[in-house]
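Only the coordinates and a few stated rules stand behind these numbers; no lab work does. For clarity, every value in this text was computed on a predicted model and none was experimentally measured. In this analysis, Cβ positions are derived from the backbone assuming ideal geometry, glycine residues included, and neighbour counts consider all displayed protein chains.
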Amino acid sequence: MARNLDRLLRDYIAPPPGMPLVDFAAPAGAPALFMPDSVSWRVMKNPVALVVGGLAAVILELAEPRVRTGVWEHTTFRRDPETRMRRTGFAAWMTIYAPEDTARRMIAGVTRAHDRIEGRTPDSVAYRASDPELLTWVHATAAYGFSEAYSRYVRALSADEMDCFYAEGAPVAALYGADTPPSSRAALDAIFTTMAPKIEASDIVFEFFKIVRAVPILPVKAVQRLMVRGAVSMTPDWARETLGLDRTFGLRAGEHTLLRAMGAAAERFVIEDAPPAQACKRMGLPASYLYR
C-alpha cells in the first residue's frame, strides 16, 4: 500500500502540461493564502481525500446544466482527461501551499480564462464561466468534496473543524469570483438547498464515469475504481437520486473500511518533495509537520 501511495503522489508532484514550475520551498518564510496550522493544510495534503473529494466535486458540478456545458464544451476533459484532472489538482495545491504571490498570480490567470468562456446549454440557457453564482457552486462542491472525503475516509473532522475548513476557504473563493462562498457547514447546506432544484440528470455524468474508470489517473486500476465508488457514496442522497446513481455505483461491502485504511496510511506517509511538505519547510517547519 505504501508503494502505491508513493507512486500516486510522485505522479502528481511535477506540474502538469500548461502549469508553471513552482518552488513550494522558497522563498523562506513566505506565507501562503492559508496558515500552516489551518484545517485546510491538514486536509489538502492527503492524496485519498484529494482524489475522492475531487471526483465527488466533479459529480456535483456536472449536475448543474450550465457548469456541465461549460466543462464539456470549453475544457480539455473529453480529449485529455488525465492532464485536465492533474491540472485541477495541482491548482488546488498551489492555492493552498504556494507562496501567496504565486497563488494570486495563478488565480488571476484562472479568472482571466473564465472571462472568455460563455455559451448556451442544450436548453438555450445562457451561461458565463465568470458568473458568481456558478463560481460559488464550483467552490462549494470542491469544499464539500475535500472536507467530506477527509472526514469519511481519513479522520473524522469535528463540527468546529468542518466549520473552520469552510471559513478558511471563503476569502480565497472570493478571489476566484465566488460571491457567496460558504463560511460554515450550515452555509453549505443552504447553498445545497438553493441549488438542488437546478440540478438535472444527464448522460454526460455517466460518460464522465466511463472516462474516469478508464483513464490512468492512478497506478492501480482497482484502487482508481474504488475511489470512484467512494466519491459516489459520499455524494448527497438528493443529488444521487436526481442523477440516477443507485447503490450499484457506490461502495460495496467492506470497501469503506478498505478506503479508510488507505486514507489513514496516506496520513502517515510523508513525501518530502511533495508541495505540502515543501511548504512546511518554507515556513521553517519539519516536512512531517502535517503528518503528526
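For this structure, a couple of remarks:
- Neighbour net charge for ARG260 - beta-carbon separation under 11 angstrom, K R +1, D E -1: 0
- Projected over every direction and averaged, the convex hull enclosing the alpha-carbon atoms of the stretch 165-269 yields 8.7 nm².
- Taking amide H as placed 1.01 Å from N in the peptide plane, GLY119 has its amide H under 5 Å from the amide H of TYR127, each at least 5 places away in sequence or on another chain.
- Across the stretch 1-160, Cα-Cα pairs more than 23 Å apart make up 42 percent of the total.
- For the pair ALA264 and GLU200, a Förster radius of 41 Å applied to the C-beta separation gives a FRET efficiency near 0.65, rounded to the nearest 0.05.
- Ranking GLY145, GLY230, LEU135 by how far each Cα lies toward the positive end of the dipole of the chain (charges on Cβ) leaves GLY230 at the top.
- Once both labels are positioned 7 Å from their Cα atoms along Cα-to-Cβ, the gap between ASP23 and ILE117 label points is 3.2 nm.
- Positive-pole candidate from TYR289, VAL220, VAL205, dipole of the stretch 160-292, charges at beta carbon: VAL220
- If the convex hull is drawn through the Cα atoms of the stretch 211-278, its volume per residue in Å³: 122 Å³
- Taking each residue as 0.36 nm, the span from GLU272 to ALA253 lengthens on full extension beyond its C-alpha to C-alpha distance by 3.4 nm.
- Taking all C-alpha pairs of the chain, those more than 30 Å from each other amount to 25 percent.
- Placing unit charges on the Cβ atoms only, positive for Lys and Arg and negative for Asp and Glu, gives the stretch 19-98 a dipole magnitude near 160 debye about its Cα centre.
- Computed about its Cα centre, the charge dipole of the stretch 177-239 is approximately 400 debye, with only Lys, Arg, Asp and Glu carrying charge at their Cβ.
- Across the options PRO65, CYS164, LEU245, the greatest Cα extent toward the positive end of the charge dipole of the chain (unit charges at beta carbon of Lys, Arg, Asp, Glu) belongs to LEU245.
- About the centre of its Cα atoms, the chain shows a dipole size close to 960 debye [charges on the beta carbon of Lys, Arg (+1) and Asp, Glu (-1) only; nearest 20 debye].
- Stretching ALA186 away from LEU285 to a fully extended chain increases their span by 32.3 nm, per 0.36 nm per residue minus the current alpha-carbon distance.
- Above 19 Å, the calculated P(r) of the stretch 69-193 contains 54 percent of its Cα-Cα pairs.
- Part-to-part distance (alpha-carbon centres) for the stretch 95-140 and the stretch 232-292, which is given in Å: 25 Å
- Within straight-line reach of LYS210, meaning a Cα separation under 23 Å, sit the following lysines at least 8 residues removed in sequence or on another chain: LYS221.
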